[in-house]
Amino acid sequence: MRTGLLRTHAQRTPLVTAAAAVLAMAAALALPRPAGAAETSPVGFGAGTTGGGSAGAVTVSTLDAFKSAVTGNAAKVVRVNGLISLSGQVDIGSNTTVLGVGSSSGFTGGGLRLKEVTNVVIRNLNISKPVAPADGITVQESTKVWIDHNSFSADRDHDKDYYDGLLDINHGADNVTVSWNTFKDHFKGSLVGHSDNNASEDTGRLKVTYHHNHFSNVYSRIPSLRFGTGHFYNNYVEGADTACHSRMGAQMLVENNVFRATKIAVTTNRSSDVDGYANLRGNDLGGAATEISQVGGFTAPPYGYTAESASTVVSSVTSGAGAGKI
């Protein structure tokens, strides 16, 4: 009887082990992912951007290989493995996805330029210290762009003009989403619309969405928007002098964000001859001032989105934003 019982238990053991393995795998799959990690397509004005889509990926680790891989308008996915030093900027072709490998791949000393292109995705890169006149990323005369889960940084040890912008969007660029990025230690964060004198090119364009980004120790331009339409929601801003700046008739909806150690959260009346418009709702200003000379009429973005409460933004953004979080 004992032998039979032992044999019966032995026969059941593989089944028990297999069942345990399945339960363990299910439990592992059920573990929460970093906030934002599950997004596979952009929310906001950049919706519909696919980049290289399902094109076969090529992995590069040198500047020459990268330049060659991102040239042209055929669909392509380029994986950057390691940190590549730049002087100036590299032009990116249309229908391109540029994707960093791991948490520390990307570019330093310069940046990327999207000029007169469409359908570009930039994800999971570290982009640091873009020495002027190079921005970390420039989006110029381009449409359908998704900039997601990147880490932008410089330092505050140099003059404010030593480095250029971390992310600048200008010359009539349109339909851009900037999501789940970190911007750190810089003077000039993100400029949208480069000049007060560019109305003919920019009016009706420069539609941008910023959501779930973390701006830390960035002095200003979070963002600065001329002429266009901006939706700034669920972002975490800390250590800024002037954060959101709407000017030259721009319309900005500032929704459910958190501001800390910030002097002015939103302004519409600085540095340009024509004020902008802003509409605020659901923000945690943390004692920051606002300078709203004109309340905006942009209150209902033309796309589906879900804005989380400002009470959960710090947790979501600090756990989910930046390279290495997808």
So is residue 110 surrounded by 18 or more Cβ atoms within 10 Å (Cβ to Cβ), closer than 21 Å to residue 189 by Cβ, among the small types (Gly, Ala, Ser) and more than 17 Å from the chain's Cα centre (by Cα) or not? yes
When residue 159 is run through (1) without any contact (Cβ under 8 Å) to a residue 24 or more places away in the chain; (2) crowded, with 23+ Cβ neighbours inside 10 Å, the failure sits at (2)
Any idea which of 50, 40, 59, 71 is within 30 Å of residue 230 (Cβ to Cβ) and modelled with pLDDT of 95 or more? 50
Against the condition under 23 Å from residue 39 (Cβ atoms), in contact (Cβ under 8 Å) with a residue 60 or more places away in the chain and surrounded by 24 or more Cβ atoms within 10 Å (Cβ to Cβ), how does residue 257 come out, does it pass? no
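Could you tell me which residue of the range 152-197 is nearest to the chain's Cα centre (by Cα), considering only residues that are among the acidic types (Asp, Glu) and over 23 Å from residue 106 (Cα atoms)?
Once the filter is applied, the top-ranked residue is 174.
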Among the residues of the range 201-219, which ones are among the small types (Gly, Ala, Ser) and either in contact with a Cys (Cβ under 6 Å, 6 or more places away or on another chain) or within 23 Å of residue 320 (Cα to Cα) (or both)? 216
Looking at (1) assigned by TED's automatic domain parsing to the domain that holds residue 198; (2) in a loop (DSSP other than H, G, I, E, B); (3) closer than 30 Å to residue 41 by Cβ, find the lone condition where residue 325 falls short. (1)
Exactly one of (1) small (Gly, Ala, Ser); (2) within 30 Å of residue 125 (Cα to Cα); (3) part of a loop (DSSP other than H, G, I, E, B) is unmet by residue 265. Its number? (3)
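Return yes or no: is residue 240 in a strand (DSSP E or B), assigned by TED's automatic domain parsing to the domain that holds residue 156 and among the small types (Gly, Ala, Ser)?
Working: in a strand (DSSP E or B): no; assigned by TED's automatic domain parsing to the domain that holds residue 156: yes; among the small types (Gly, Ala, Ser): yes.
No: the conditions fail for residue 240.
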Could you please find all residues in the range 128-146 being without any contact (Cβ under 8 Å) to a residue 40 or more places away in the chain, buried (at least 22 other Cβ atoms within 10 Å of the Cβ) and hydrophobic (A, V, I, L, M, F, W, C)? 137, 139
Strands (runs of 3 or more DSSP E) enclosed by the range 134-226 - at least 1 residues per element that are modelled with pLDDT of 95 or more and within 21 Å of residue 52 (Cβ to Cβ): 137-140, 143-148, 167-170, 174-179
Condition broken by residue 232, with the remaining ones in (1) surrounded by fewer than 24 Cβ atoms within 10 Å (Cβ to Cβ); (2) closer than 21 Å to residue 306 by Cα satisfied: (1)
Of the residues in the range 285-313, those that are surrounded by fewer than 17 Cβ atoms within 10 Å (Cβ to Cβ) and closer than 30 Å to residue 80 by Cβ number 2
Here, strands (runs of 3 or more DSSP E) confined to the range 47-101 with at least 3 residues that are farther than 22 Å from residue 179 by Cα and touching a residue at least 12 places away in the same chain (Cβ under 8 Å) are 57-60, 83-91
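The values are calculated or read from the model by the stated rules, or taken from the named source; none is laboratory data. Note that the structure is predicted; figures quoted are calculated from it, not measured. Note: ideal-geometry Cβ built from the backbone for every residue, glycine included; neighbour counts use all protein chains shown.
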